[in-house]
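First comes the structure, then the notes that go with it.
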Amino acid sequence: SQTIHQWPATLVQPVGSPLSLECTVEGTSNPNLYWYRQAAGRGLQLLFYSVGIGQISSEVPQNLSASRPQDRQFILSSKKLLLSDSGFYLCAWGREGFTEAFFGQGTRLTVV
Amino acid sequence: AQSVTQPDIHITVSEGASLELRCNYSYGATPYLFWYVQSPGQGLQLLLKYFSGDTLVQGIKGFEAEFKRSQSSFNLRKPSVHWSDAAEYFCAVGATAAGNKLTFGGGTRVLVKP
C-alpha cells in the first residue's frame, strides 16, 4: 500500500531563517506531487505541483520554492522566511493521470 | 479555470440530526469532484469522489454526495450525525489537464451539539 510521510510535524522559525520541509511517498512510482498551504481559518492554496523529477510548476509567486530530486521526494524551501509564511503546509500525492490526491499529516509552521 | 464555492463557513448541527453541506463548482468540462474531511491539526482524508456514472455516490463514515450537473453542485449529506463528525469539510474539483490539480473550496466547519 502507499504511504506518504511529511516532516517535521511542527516547526517554529525566526523571520529571515531558511526553511526545508520534506515529503516522501512509498509504494508507488512516478506520482504527481503537490504542496498546499492552509492559512488560519482559510482553505487550501496550491503552491507547487510536480509530474516528474525536476519538473516543478508554481501556482503562486512568493519566496518559496520546491524541488523534486528523486521520484518520490518533494521538498519545499525558502531562503528567508517571512511572517506571512506561517501556516499549515500539506504535501499530497496522486497517481499519474488521475486527480485524486492523498495527503500527508501536515507541518505547522510558525514564523516568529 | 476551475473554482469551488462552499457557501457555509460554519454549520452547527445536533447529534443525531441530518447534515447537508453545499458545494458549487465552476468547470468547463465534466468535473472530477471530491469531498475531504480534516480533523484539527491533521491532514485531509478523502470521504468520497465522483468521476462519472451514478450521480449519487457513497463514501466512508456514512456520507453520500449527489452530483447535479444542472445546478453545478455536489452537496454532501449524512442522515444522522455523530459527535465524531465535528471537523472541517472541503469540496474540491479536479482537472486532468496541467498536472491533475485539485482546486479546493474554502471549507465548512461543522460543530456537533450533544
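A few notes on this one:
- One residue stands out in region A:73-87 among those that are at pLDDT below 95 and surrounded by 15 or more Cβ atoms within 10 Å (Cβ to Cβ): the one that is nearest to the other protein chains (Cβ to nearest Cβ), namely A:87.
- Options B:12, B:55, B:103, B:30: the member that is within 13 Å of chain A (Cβ to nearest Cβ) and surrounded by fewer than 18 Cβ atoms within 10 Å (Cβ to Cβ): B:30
Residues are listed down the side, and each one gets a yes or a no for (1) farther than 17 Å from residue B:103 by Cβ; (2) modelled with pLDDT of 90 or more:
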residue	(1), (2)
A:34	no, yes
A:38	no, yes
A:43	no, no
A:48	no, yes
A:61	yes, no
A:64	yes, yes
A:67	yes, yes
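- For region B:78-96, the criterion of being more than 26 Å from residue A:47 (Cα to Cα), of a type in the set (D, E, K, R) and either part of a strand (DSSP E or B) or touching a residue at least 12 places away in the same chain (Cβ under 8 Å) (or both) is met by at least one residue.
- In region A:46-61, the residues that are within 17 Å of residue A:25 (Cβ to Cβ) reach residues that are among the aliphatic types (A, V, I, L, M) and part of a strand (DSSP E or B) with C-beta atoms within less than 6 angstrom, at least six apart or across chains, in these pairs: A:48/A:56; A:48/A:66; A:50/A:33; A:50/A:56; A:56/A:66.
- Positions within region A:33-44 being more than 13 Å from residue A:106 (Cβ to Cβ) and facing chain B (nearest Cβ under 8 Å), in sequence order: A:42, A:43
- Residue within region B:47-59 that is in a strand (DSSP E or B), at pLDDT below 95 and on the phi < 0 side of the Ramachandran plot present: yes
- Residue within region B:75-97 that is surrounded by 13 or more Cβ atoms within 10 Å (Cβ to Cβ), farther than 14 Å from residue B:110 by Cβ and away from chain A (no Cβ under 11 Å) present: no
- Among the residues listed as A:55, A:62, the single one being within 13 Å of another protein chain (Cβ to nearest Cβ) and either in contact with a Ser or Thr (Cβ under 8 Å, 6 or more places away or on another chain) or farther than 15 Å from residue A:102 by Cα (or both): A:55
The values are calculated or read from the model by the stated rules, or taken from the named source; none is laboratory data. Fair warning: this is a prediction, and the values are worked out from it, not measured in the lab. Here the Cβ is made from the backbone with ideal geometry for all residues, glycine too, and neighbour counts use every protein chain on show.
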